[in-house]
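A.B. asks: The structure is given below, and queries will be raised subsequently.
All of the numbers you see were taken from the coordinates with simple rules; none came from a lab. This structure is a prediction, so every number in the text was calculated from the model and none was measured. Because the Cβ atoms are built from the backbone with ideal geometry, glycine has one as well, and the counts that use them run over all protein chains shown.
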Amino acid sequence: MCEAQIDGRHGRFRFLRHDTWIGASLAKYGEFSELETAFLLRLCKPGHTVVEVGAHIGTQSVPLARHLTERGTLHVFEPQPRLFRLLEANLAQVKPSNVTIHNVAVGDSADALCLPETDYTTEGNFGGVALSTSTNGEQIAQIRLDDVLDPGALHLMKIDVEGMELAVLKGASGLISRYRPLMMIENDRSEKSAELIGHLFDLEYRLMWSTPPLFNPDNFFGESENIFPEIFSVNMLCIPAERFGGEIGEGEITSRQDRPWP
């Protein structure tokens, strides 16, 4: 059996027991990247509309849905069918009338992408699986956010898509121009960083690094052992220039070559 279940900080979660990141963290600590999640929740309020692209099994989707309350709206996207089924099960605990779940990839075209053959019965970082234009593997439908969403409001976008962040932004140019949301975007691939930062500068956003460690000393199970030493999330908090106050973040990004550490 490759699935397991725990009662953790944000409720009962089903996960892949061989997942060396999210699964291992849930089993050990009853949570995953809780410091990042806490920061994310500070960026939105009950009643807001939020889009989460790259939700995995919902470790942030579930607390977001609760935080937004039924007055808010959450659109969640996860392309891997196996992870999507767990995402559905985990979100079911909050009876999410305010949540719409999409089992598609998100990018800058409607061309299908390929999910490489993945063995979920052996150890791996399943949240780190990257889609590609290859024809070897399972074909996954892809959409542009501009083509499928007309939310009436958009307060926050969270994007974590294993190197496809720029494509997601290009496919959401209309939404971004119309609503000017806050955005939290993963930027952990140095070879793609400059182009991603430059695109956000062109959109007239101010950027700040957000790099919380994966290990939370105050974790739900009270475990003191850090199984993720020196491992941090590498995200950018993106604030429309017209709303920038400099009050949130760890350091402003001032050039395309900026990185959070030397």
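A.B. asks: So how do 102-110, 56-64 stack up, highest first, on mean other-Cβ count within 10 Å? If you can, show how the numbers build up before the last one.
C.D. replies: Values: 102-110: 19.3, 56-64: 26.6.
Ranked by mean Cβ neighbours within 10 Å, highest first: 56-64, 102-110.
A.B. asks: Please find the FRET efficiency linking E70 to R243, where r is the Cβ-Cβ separation and R0 is fixed at 30 Å, and quote it to the nearest 0.05.
C.D. replies: Details: r = 27 Å, r/R0 = 0.89.
About 0.65, to the nearest 0.05.
A.B. asks: Add +1 for every Lys or Arg and -1 for every Asp or Glu among the other residues with Cβ under 11 Å from the Cβ of I101, and state the total.
C.D. replies: Working: positive: R85; negative: E52, E78, E88.
Spelling it out: positives minus negatives among the neighbours equals -2.
A.B. asks: Just subtract the alpha-carbon distance of D202 and W261 from 0.36 nm times their residue separation and send over the number in nm, one decimal. List each step's numbers first, then the result.
C.D. replies: On the way: separation 59, 0.36 × 59 = 21.24 nm, distance 2.36 nm.
Full extension of this stretch gives 18.9 nm more.
A.B. asks: Once you've got the GNM for the chain with C-alpha springs shorter than 10 Å, pick whichever of G128, G30, G171 has the biggest mean-square fluctuation.
C.D. replies: G128
A.B. asks: Which of the lysines could be linked to K170 by a straight reach, that is with a Cα gap under 18 Å, when you skip same-chain ones fewer than 8 residues away?
C.D. replies: The reachable lysines, counting only those whose Cα sits under 18 Å from K170, are K158, K192.
A.B. asks: Further, regarding this structure: From the P(r) of segment 3-244, can you give the percent of Cα pairs sitting at distances over 21 Å?
C.D. replies: Working: 16429 of 29161 pairs.
That tail contains 56 percent of the Cα-Cα pairs.
A.B. asks: For segment 162-262, run through the GluC sites (Glu not before Pro) and keep only the ones in DSSP coil with at most 12 other Cβ atoms within 10 Å of their Cβ.
C.D. replies: Values: sites: E162, E165, E186, E191, E195, E204, E223, E225, E230, E242, E247, E250, E252; in loops: E162, E204, E223, E225, E230, E247, E250.
For GluC sites (Glu not before Pro) across segment 162-262 that sit outside H, G, I, E and B with at most 12 neighbouring Cβ atoms in 10 Å, the list reads E204, E225, E230, E247, E250.
A.B. asks: For n ≥ 4 DSSP H runs only, could you compute -39500 (n - 2.57) per run for the chain, divide by its residues and tell me the 222 nm figure to the nearest 500? Spell out each step's value before the answer.
C.D. replies: Values: 8 runs with 66 residues, N = 262.
Computed ellipticity for the chain at 222 nm equals -7000 deg cm²/dmol.
A.B. asks: While we're here: Give me the percent of DSSP beta bridges within segment 64-212 that run antiparallel, rounded to the nearest 5. Please report the intermediate quantities before stating the final value.
C.D. replies: On the way: 4 of 14 bridges.
Close to 30 percent.
A.B. asks: Taking R0 as 45 Å, what's the FRET efficiency between I140 and S224 from their Cβ-Cβ distance, rounded to 0.05? List each step's numbers first, then the result.
C.D. replies: Working: r = 40 Å, r/R0 = 0.89.
Working from the Cβ atoms, E equals 0.65.
A.B. asks: What residue among T49, T69, T133 shows peak mean-square fluctuation when the chain is described by a Gaussian network model with Cα springs under 10 Å?
C.D. replies: T133
A.B. asks: Give the Cα extents of segment 102-231 along the principal axes, in whole Å, largest first.
C.D. replies: Here the Cα extents, ordered largest to smallest, are 46, 39, 30 Å.
A.B. asks: Given the options L237, L214, L203, which has the most mean-square fluctuation in a GNM of the chain, springs set between C-alpha atoms less than 10 angstrom apart?
C.D. replies: L203
A.B. asks: Still on this model: Can you list the GluC sites (Glu not before Pro) in segment 33-83 that are in a DSSP coil and have 16 or fewer other beta carbons within 10 angstrom?
C.D. replies: Numbers: sites: E34, E36, E52, E70; in loops: E70.
Of the GluC sites (Glu not before Pro), the ones in loops of segment 33-83 whose Cβ has at most 16 other Cβ atoms within 10 Å are E70.
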